[in-house]
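Student: What follows is a single structure, and I will ask about it in a moment.
The values are calculated or read from the model by the stated rules, or taken from the named source; none is laboratory data. These numbers come from a predicted model, not from an experiment. All Cβ positions, glycine included, derive from the backbone under ideal geometry; neighbour counts span all protein chains shown. Surface accessibility is based on the protein's heavy atoms, side chains included, excluding ligands, DNA and RNA. Shrake-Rupley method; radii C 1.70, N 1.55, O 1.52, S 1.80 Å.
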Amino acid sequence: MRPVEEYRTVVAALVPAARTVTVAPSEALGRALARDVAAPLSLPPFTNSAMDGYAVRAEDAVAGATLSVAEDIPAGRTTVPPLAPGTAHRIMTGAPVPDGADAIVPVENTDAGTTRVRIDLAPEPGRFFRHAGSDIAAGETALAAGEVAGPAAVGLAAALGITELEVLAPLRVLVLSTGSELVAPGEPLEPGQIYESNAPMLAAALTEAGAHAEVLRFVEDSAEVLLARLAERVAAGGIDLLVTTGGVSAGAYEVVKDAFTGRGLEFTKVAMQPGMPQGCGTVDLGGASVPVVAFPGNPVSALVSFEVFLRPALRAAMGLPADRPRRRARLTAPLDSVPGKRQFQRGLLIREPNGTDSVSVLGGPGSHYLRWLSKADCLLDIPPEVQHLAAGDPVDVIDLDH
């Protein structure tokens, strides 16, 4: 059996680099920038007031002085007369500071007059000025290549008047879960049938990871039909990666194995539980070479395999933080593990204020216990050489909430 890290490297090498696309700043949220963005103008573009108050000459605005109010300057006024000695301009937050003014008196430090104003507290020269370029100067790097655009980055691009950003596009992933026993939710179940869960589950996981997921539904357990359906969809374009679930084990009717053996896919066993049977490679479908990652069909095996092998590679290819955070936590109860296999157990992390976190195991190790995985907020990562851990022993934990 192959070690987990070795197989993880193999899967990562299959995932293609994301395309570069040009989008509006509002569509760049959560995407990695493909290149540096220089500021086309300075921010602020002009020196403006940080307070509602009065623009004055500090030498005129001594405590107790009364000045005539010569002008009103609301935010948005584009023509601002210079300030004459011995006068004040009433000014609003964000409005341009007039030439000749070297201080702002907040309205709270005056009698708030509109034709004449009494200064109750002398201002400090230069205070409450937002100087042109004090945030960023024209030509400076505003957004750096590799930066993941958050709300503030979108706001900065908008403030700079930028209408387009080059970002790494979501990888486009086609998801196919195999099995003649699968039935669409809402349809009646016959004996021996189950509702399909893997495809919507993996599509959700792909979307959460930042990719674009498309589900190809209900291909019968026939290698010829499967290949024909996939070739038809791939020929239509827009697919970067194919993910399948099921049909990779050692039994009969393993349709993915039947379809792709000898066509470029390697099927192997990885020393892990759940998720031992795996497959990956590149195949020709619809006249195009398509990377394929084939997960086992049990739902917990499929999702844990996605977390361990594919999610980090996808996010790295899209320029996003790849690995989920890891931490050490102490077991709340004893745990037994299968020797020779790296175990990924479902768990519930108990975060303590003193930083000494603990973790409890949810459900058994069975790969069909999807309920417990849905309640888990972490995976316990148990090394293959460990057979038993006592309550209080530390374990590595993969935090699924971040």
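Student: When you scan the stretch 129-188, how many residues do you find that are touching a residue at least 40 places away in the same chain (Cβ under 8 Å), within 30 Å of Ser301 (Cβ to Cβ) and open to solvent by 70 Å² or more (accessible area, probe 1.4 Å)?
Tutor: Of the residues in that region, 1 qualify.
Student: Which number in (1) in a loop (DSSP other than H, G, I, E, B); (2) open to solvent by less than 40 Å² (accessible area, probe 1.4 Å); (3) under 26 Å from Ser289 (Cα atoms) marks the one condition that Ala61 misses?
Tutor: (3)
Student: List the strands (runs of 3 or more DSSP E) that sit entirely inside the stretch 305-402 and contain at least 1 residues that are open to solvent by 20 Å² or more (accessible area, probe 1.4 Å).
Tutor: 326-331, 342-350, 358-361, 394-399
Student: Across the stretch 1-16, which residue is farthest from the chain's Cα centre (by Cα) among those that are closer than 16 Å to Arg315 by Cα and part of a helix (DSSP H, G or I)? If you could, list the steps in order and put the result at the bottom.
Tutor: As a first pass, look at the stretch 1-16 and keep what is closer than 16 Å to Arg315 by Cα: 8-16.
Adding the requirement that they be part of a helix (DSSP H, G or I) leaves 8-14.
Values: Arg8: 21, Thr9: 22, Val10: 24, Val11: 21, Ala12: 18, Ala13: 21, Leu14: 21 Å.
In this case the residue turns out to be Val10.
Student: Kindly provide the set of residues from the stretch 189-203 that are within 27 Å of Arg311 (Cα to Cα), out of contact with any Pro (no Cβ under 7 Å at 6 or more places or on another chain) and open to solvent by 60 Å² or more (accessible area, probe 1.4 Å), ordered by number.
Tutor: The answer is Ile194, and nothing else.
Student: In addition: Collect the residues in the stretch 12-31 that are surrounded by fewer than 20 Cβ atoms within 10 Å (Cβ to Cβ) and not hydroxyl-bearing (Ser, Thr, Tyr), keeping them in residue-number order.
Tutor: Matches in the stretch 12-31: Ala12, Ala13, Leu14, Pro16, Ala17, Arg19, Val21, Val23, Ala24, Glu27, Leu29, Gly30.
Student: May I ask you to say which residue of Val215, Val225, Val234 is without any contact (Cβ under 8 Å) to a residue 24 or more places away in the chain, among the β-branched types (Val, Ile, Thr) and either over 30 Å from Pro45 (Cβ atoms) or assigned to a helix (DSSP H, G or I) (or both)?
Tutor: Val225
Student: Restricting to the stretch 329-364, give me the number of residues that are free of Cβ contacts under 8 Å to residues at least 24 places away in the same chain and within 18 Å of Leu400 (Cβ to Cβ).
Tutor: 4
Student: While we're on this one: Looking at the stretch 4-21, is at least one residue under 30 Å from Phe129 (Cα atoms) and out of contact with any Cys (no Cβ under 6 Å at 6 or more places or on another chain)? Outline the logic, then answer.
Tutor: Initial filter on the stretch 4-21 (under 30 Å from Phe129 (Cα atoms)): none.
Checking the stretch 4-21: not a single residue is under 30 Å from Phe129 (Cα atoms) and out of contact with any Cys (no Cβ under 6 Å at 6 or more places or on another chain).
Student: Report, by residue number, each residue of the stretch 85-97 that is crowded, with 21+ Cβ neighbours inside 10 Å and in a loop (DSSP other than H, G, I, E, B).
Tutor: Answer for the stretch 85-97, where residues must be crowded, with 21+ Cβ neighbours inside 10 Å and in a loop (DSSP other than H, G, I, E, B): Ala95, Val97.
Student: Out of curiosity, is Arg330 more than 23 Å from Gly366 (Cα to Cα) and either in contact with a Pro (Cβ under 9 Å, 6 or more places away or on another chain) or modelled with pLDDT under 95 (or both)?
Tutor: no
Student: Would you call Asp36 among the charged types (D, E, K, R), over 42 Å from the mean Cα position of the chain (by Cα) and open to solvent by 20 Å² or more (accessible area, probe 1.4 Å)?
Tutor: no
Student: Here are Gln278, Gln273: which of them is open to solvent by less than 10 Å² (accessible area, probe 1.4 Å), touching a Pro at 6+ places or on another chain (Cβ under 9 Å) and either in contact (Cβ under 8 Å) with a residue 40 or more places away in the chain or within 19 Å of Phe309 (Cα to Cα) (or both)?
Tutor: Gln278
Student: Now a separate question. Would a scan of the stretch 262-269 turn up a residue that is under 30 Å from Asp399 (Cα atoms), hydrophobic (A, V, I, L, M, F, W, C) and under 28 Å from the mean Cα position of the chain (by Cα)?
Tutor: For the stretch 262-269, residues under 30 Å from Asp399 (Cα atoms), hydrophobic (A, V, I, L, M, F, W, C) and under 28 Å from the mean Cα position of the chain (by Cα): absent.
Student: With the requirement that a residue be touching a residue at least 60 places away in the same chain (Cβ under 8 Å) and either in a loop (DSSP other than H, G, I, E, B) or touching a Pro at 6+ places or on another chain (Cβ under 7 Å) (or both), what does the stretch 254-270 give you?
Tutor: Result: Lys269, single match.
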